[in-house]
Amino acid sequence: MSEKYDVVVIGSGPAGYVCAIRAAQLGLKTACIEKYQGPQGKGVNGGTCLNEGCIPSKALLDSSMKYHETVNSLAKHGINTRSVTVDVEQMIARKDDIVKKLTGGIAALFKSNGVTSLFGTGKLLAGKKVEYTDSKGKSQIIEAENVVLATGSAPIDIPVAEVDGKSIIDSKGALELTQVPKRLGIIGAGVIGLELGSVWNRLGSEVVLLEALDVFLAMMDKQIAREANKVFLEQGLDIRMGCRVTGSEVKRGKVTVTYQDADGKEAQEIFDKLIVCVGRAPYTENLLAEDSGVNLDERGSIFVDDYCATNAPGVWAIGDLVRGPMLAHKGSEEGVMVAERIAGQLTEMNYDIIPNVIYTHPEIASVGMTEQELKQSGQPFKVGMFPFAASGRALAADDTDGLVKILAHEETDRILGAHVIGPSAAELVQQVSIAMEFGSTAEDLGMMVFAHPTMSESVHEAALAVNGEAIHVANRRKRKK
Ligand code: FAD
Ligand code: NAD
């Protein structure tokens, strides 16, 4: 037996590291165990988000966008460039530098907040004990008043296209390519497929996405998904819906994928690389001793209540490991909530207002309910929309695809959802999220002063349009006298 902690967090992704820092800030003696090892075999904090997810993907999205704009859009602005080339290795090195900076930042934050950082594997035993095995294989038992499980998720494998790390890769592999594949196949036209497909499409790959469902971006507001589909097709992403992949074969570095298309016909495609991104599953490998007392739900997530407490007293679980969207910010807020509840506060989290963003160009962002969800719920609602084609700022920036859509309750006028496809959609939806958190009506948002000329004015106009009061676009709805 060794030291006893108030809180032991297992996993240092955005859920775990945020929880550990908040717990330490609240005066709790806290340790965080992380098993991830970087390229030099050293322990690295930050989880999927910092090492293999949010941050590296956005670094490559930004680099590839700069290249694409330089080649395709600058001439229109009167800027002529000649012989632009891509140095993929430099692009990847820049991405790796950003990751290093941010993961190193967590180590520094742990130090300054007094979190004990332990590299190795954590396993929950009965009675809030944790078996900690360091990278040399030496184990010890750590006792804790509270244990927080935050071990995240891992990509789902499909037997018809097994990842070999060379020709058939997952999202991690797709962030490490050192050459632009001539033909890139992607199984799954979800968030990762669209983001990483965009990166390599912009750099010159011919990208084909094979999606099992018949409906594109089924979770999104239908109107936004339709607009997205149109724009992506124009960008050259070959998105094929209703495809059932039945097999794959790697020969001389090429991947042959066999699938049944939407008409049930057998088809084949040959790719230089194939990315498999068909979703992620909670990661619980070797996490729980048989007698840990923690239950899983039917999806393999750790079963928790509204406050992230498991059914074992003093054991909590947060982030991708538990129900809800697999998003970094959702996990981080759960981390804060759990740390504060352990410290005796009554913190709650509003699961109804969690923004969701796909970082393609244009970006796609949403918060709250979609139009189809509102119809299904039977709530009376009204809609306000504003297209970026009518925005002075969007025209000046030559970025006019998309629209802002705001949904409000027909009688109370309270905002129930916002859906944006267009420039800075992530930032715009965040503005509406803040308004929603304060219980804003569409009229409240319409009465605010927005700087001109900004993309944000489109949020203002969409809010005004909810009640038929938009100024810069024809109102579909008649204003109430
Ligand atoms: P993770 O980040 O997965 O961290 C879990 C950590 O636990 C890992 O470091 C793991 O090594 C460690 N661990 C596991 N088992 C043990 C053990 N037994 N002992 C010790 N340590 C252990 N989300 C967004 O919100 N925005 C985005 O833009 C975004 N982009 C993404 C892009 C990609 C390509 C991917 C793959 C994901 C993206 N996500 C994004 C999702 C986001 O990365 C996850 O939702 C988030 O990382 C989950 O956080 P977490 O802390 O729950 O788990
Ligand atoms: P996803 O759920 O977004 O998309 C997976 C897609 O694959 C779905 O459309 C699904 O219908 C399809 N699919 C499933 N099985 C298939 C099969 N056998 N053949 C063809 N298609 C199949 O999952 P993802 O893109 O792998 O991303 C995983 C998670 O990571 C996301 O759900 C999200 O929570 C998170 N993420 C978030 C962001 C972001 O916030 N910007 C970015 C990347 C990842």
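Every read-out reported here was derived from the displayed coordinates using simple, explicitly stated rules and does not represent laboratory data. Keep in mind that what you see is a predicted model, and the values were worked out from it rather than measured. Note that we place each Cβ from the backbone using ideal geometry, even for glycine, and neighbour counts take in every protein chain shown.
Assorted remarks:
- Sequence-distant contacts, meaning Cα pairs under 8 Å at least 6 residues apart, place the relative contact order of the chain at 14 percent.
- Dipole of the chain, positive direction: furthest Cα of Ile406, Ile98, Ile186, with charges on the beta-carbon: Ile98
- Only one residue of Val231, Ser167, Cys243 has its Cα farthest out toward the positive end of the dipole of region 143-250, where Lys and Arg carry +1 and Asp and Glu -1 on Cβ, and that residue is Val231.
- Helix runs (DSSP H) in the chain reaching 15 Å along axis by Cα, Kyte-Doolittle at least 0.5: 14-25, 191-202, 425-437
- What the pair-distance distribution of region 20-157 shows, using all Cα-Cα distances binned every 5 Å from zero, is 2, 8, 14, 15, 16, 12, 9, 7, 6, 5, 4, 2, 1, 0 percent.
- Assuming charge only on the beta carbon of Lys and Arg (+1) and of Asp and Glu (-1), the dipole of the chain about its Cα centre is about 800 debye to the nearest 20.
- The packing ranking, built from the mean of other Cβ atoms within 10 Å per residue, places the peptides 378-384, 328-334, 166-172 in the order 328-334, 166-172, 378-384, highest first.
- Sparse-neighbourhood loop sites, trypsin sites (Lys or Arg not before Pro) in region 48-97 - DSSP loop, at most 11 other Cβ within 10 angstrom: Arg82
- Assigned charges on the beta-carbon of Lys, Arg, Asp, Glu; region 20-72 dipole about Cα centre (debye): 280
- Lys, Arg +1 and Asp, Glu -1 on Cβ, resulting dipole of region 356-466 about Cα centre, debye, nearest 20: 100
- Hydrodynamic radius by Kirkwood, which averages 1/r over all alpha carbon pairs of region 356-466, in angstrom: 13.6
- HN-Hα J in Hz across region 312-317 - Karplus 6.51, -1.76, 1.60, θ = phi - 60°, x for Gly and Pro: 8, x, x, 10, 10, 9
- For region 250-299, GluC sites (Glu not before Pro) are listed when DSSP marks them as loop and at most 15 other Cβ atoms sit within 10 Å of their Cβ; the list is Glu285, Glu290, Glu298.
- Overall dimensions of region 159-278 by Cα: Rg and Dmax, Å: 13.5, 43
- Of the GluC sites (Glu not before Pro) in region 387-481, those whose Cβ has at most 15 other Cβ within 10 Å and which sit in DSSP loop: Glu410, Glu411
- Here the 3J(HN,Hα) profile of region 412-424, calculated from phi with Karplus coefficients 6.51, -1.76 and 1.60 at θ = phi - 60°, is 7, 6, 5, 6, 10, x, 9, 9, 10, 10, x, x, 6 Hz, Gly and Pro shown as x.
- Structural descriptor for region 356-466: relative contact order 31 percent, calculated from alpha carbon pairs under 8 angstrom and at least 6 residues apart.
- Reachable lysines from Lys166, criterion Cα separation under 19 angstrom, eight or more residues apart if same chain: Lys182, Lys251, Lys254, Lys273
- Computed on region 159-278, with alpha-carbon pairs under 8 angstrom and 6+ residues apart, the relative contact order is 35 percent.
- Taking all Cα-Cα distances within the chain, those exceeding 33 Å account for 45%.
- Of the cross-linked pairs Lys405/Lys478; Lys58/Lys100; Lys222/Lys405; Lys35/Lys138; Lys101/Lys330; Lys66/Lys330, those separated by over 19 Å at the C-alpha level are Lys101/Lys330; Lys66/Lys330.
- Protection proxy ranking for 137-144, 47-54, using the average of other Cβ atoms within 10 Å per residue and placing the highest first: 47-54, 137-144.
- Site pair Val449 and Glu427 shows an inter-label distance of 2.0 nm when each label is modelled 7 Å from Cα along Cα→Cβ.
- Its alpha carbons give region 194-265 an Rg and a Dmax of 13.6, 43 Å.
- Computed over the alpha carbons of region 109-192, Rg followed by Dmax gives 19.2, 55 Å.
- Cα lying deepest toward the dipole's positive end in the chain, options Ile364, Thr70, Gly314, charges on Cβ: Thr70
- Computed from phi, the 3J(HN,Hα) profile of region 385-397 under the Karplus parametrisation 6.51, -1.76, 1.60 (θ = phi - 60°) reads 9, 9, x, 5, 4, 9, 9, x, 5, 5, 5, 4, 8 Hz, with x in place of Gly and Pro.
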